[in-house]
Amino acid sequence: MCGAAAISVSRRVIIRLLSAPAALSSLLLIPSSGSEEDCGLVSSPQPEGPERLSDDIQEIVRQKQEGEEAEKQKRTRTAARGHSLPGGPGPPYRRWTELPSRTRSPPEKSTMQAGIFKVCLVVVTAIVNHPLLFPNNNTFPANDDLIMEKLRQREENLKKQQLELEQLLFRPEEPEEENASKESETEGGSRWDLWSTLSMVIFLLIEVWRQDFKDNNSQEQSKEEDYPVFIGNNCHGVSLPNKPMLTIFHDQYIRATTHDAVRSREFVEGFADDLLEALRSVCNRDTDMEVEDSICIGSMYENWRVNKPLMCDLLVPFAPPEPYHFRCQPWVSDSSIGPDKQNHGTILVLSPDDETSSCVCDKKRLGEDMLCLLHHPTSNQKVNKDINLLCLRNTNYLDIDQVMKWFQTSVTKAWSKISHKYEFELTFSHLDSPGALRVKFKSGKVISFNITPVVQYEDTDLYFISHFPSTPREVSSGIYWMLSFAVYERRFLKDFAKRLPDNSCHLSCLQIMTFLHSKQCHITGPSGLTTYHLKTVLMHLLLSRPHSGWGSIFLEDRLRDMFKSLEKSLLEKKLYHFMVGNVKLPDTVNLPEHFREAEPVNLFRSFVLNRDLYQKTLSMFYEMLKNATVVINEYSLHLPNGTTSKPSH
């Protein structure tokens, strides 16, 4: 860098010297000694680099100015001499210049030659001292390398210092910035959660209000106007048969089909007792399950059965051989049972070694100072490990499939022992239901009944059952047993009927609705709606209507209420179990407290999970509603022109 700058400065100096000969001649006056030091050509005592060049330039400029002043003085003296030259007046300079060259004096020629020589000498000296043509280690290139090296080092040091300063400045600020960002994110997240929660609550309130407003509005409109059946998908304006027609249908058809129900019940109860007694005799008391007396439940014993053939339902409790016992775990006390298994439970088969802290007897509640000598753990009873306890493989849970196989085998053995005493045939109605029996007399009359093995829950009237008699049993039931409240439901209907007026219409409404449901199922096929759902709707209405409103004169109104309630439950996909979680349940039912206080069970939960089943059921309901008048008229007595005639069917 320094060398290139010196070269450019030297070139400018030479150009200026060539353009100003007078200044050059006055500047380059060589002394008589001729030494290089006097001429200023030796650079040893002078400074190196750009400082030396700047001093030379200032000296050249100063000498140039002095030369110009000397030239002016010289011209002034020449002009003064021009007045005395021959040729008369005129411009002295012109006269001087117009003189031929031969008239000039010899001293002037020598001065010009000396100036040209000095110029050539300066040019040669500049060329000889050029750093690129004749490099020298002691001149500018060496110094340039050193300077560049120092500049690099200086630059590196500055960069290092800058990095250190940046680290010192930014290190303490980073955690603060991170904490600030985290706090801002936390505050932002909490604010967002708060606003989201508020928005969700407001949305839910608006939706609830909208649903209530919609229901109230539809009810008000239904009271004011009379709509056809399918307008708005509601049954509020449906035209059901009037009270006389409903009364005739109930008295002449339903009662006619159930007049022999009492005799059928008596026969089934007597035959079931004889069959169970034979079953006990063919079983080994030490290794087989112990069978208890049967319990009558269902529509036949609640007096609302209408469909033929008349079906009796019986429960047969059984227990394991001693010293084993059952421990029932319903869903309300077992958190491992999921929501899809509500109203279900499991049954553990335990031995005395599994539970020795208390008496295993579930039949009695003993006081603190009393001792059960039969089941006390101190009674040294030997445990037979070869007993088939009907448990699922490698578990202690009672298996439904094995129980059904055992019960079917036992019933077959028992019938073979007493079949000679009866003059009828006994067969199984359904292979997947071992307790579904069918009696066929020689006259052709048929009586069907169900005997279902169950396990009693502690010292209550609740029973764990494999399946309800009115519904088919699941193929893969496994270890989950359904809980039956049939005994409590029968007790509720029996006790509540005592509070209603004489000849109340509550069972008549249920019979008519069950009849319409069965006829519609024959037309469109089965759906998700069962007779147990219809019974549940009736029991809820019994608690929501005054007792006086169930007289026989209100048959049409109460039947319409049942249709309305069922439609609302279907549209909302909610029909809660009557016993579980019902705070309105009368105390006379004596349901265990933990079931009364449990969370309500939705019987229509399957409609939420299965959309196709729900659509089929809803369509079947509206078809049943639409065909109600036609079906009742067809199976009723017509009174044209005062005559009566019964339709053939």
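Before moving on, here are some points about what is shown:
Residue-wise test of (1) open to solvent by 10 Å² or more (accessible area, probe 1.4 Å); (2) within 16 Å of Leu613 (Cβ to Cβ); (3) at pLDDT 95 or above; (4) of a type in the set (Ser, Thr, Tyr).
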position	(1), (2), (3), (4)
Phe515	no, no, no, no
Met539	no, no, yes, no
Leu542	no, no, yes, no
His547	yes, no, no, no
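- Candidate set from the range 241-281 (those that are assigned to a loop (DSSP other than H, G, I, E, B) and buried (at least 18 other Cβ atoms within 10 Å of the Cβ)); member that is modelled with the lowest pLDDT: Thr258
- Residue in the range 371-393 that is closer than 30 Å to Met300 by Cα, modelled with pLDDT of 60 or more and in a strand (DSSP E or B) present: no
- Taking the range 512-558 as the range and being without any contact (Cβ under 8 Å) to a residue 24 or more places away in the chain and β-branched (Val, Ile, Thr) as the test, no residue passes.
- Residue selected from the range 204-219 under the condition at pLDDT below 75 and either within 22 Å of the chain's Cα centre (by Cα) or among the aromatic types (Phe, Trp, Tyr) (or both), by the criterion nearest to Asp561 (Cα to Cα): Phe213
- Contacts under 8 angstrom Cβ, first residue in the range 420-435 being at pLDDT 80 or above, partner acidic (Asp, Glu) and open to solvent by 70 Å² or more (accessible area, probe 1.4 Å), 6 or more apart: none
- Glu567 being open to solvent by 70 Å² or more (accessible area, probe 1.4 Å), under 26 Å from Asn343 (Cα atoms) and of a type outside the set (Lys, Arg): no
- Per the listing Asp293, Asp313, Asp286, the residue uniquely charged (D, E, K, R), open to solvent by less than 40 Å² (accessible area, probe 1.4 Å) and not in a helix (DSSP H, G or I) is Asp313.
The values are calculated or read from the model by the stated rules, or taken from the named source; none is laboratory data. What you are looking at is a predicted structure, and each value in this text was computed from that prediction instead of being measured. Virtual Cβ from ideal backbone geometry, glycine too; neighbours counted across all protein chains shown. These area figures cover heavy atoms from the full protein model, side chains too; ligands, DNA and RNA do not enter into them. Shrake-Rupley method; radii C 1.70, N 1.55, O 1.52, S 1.80 Å.
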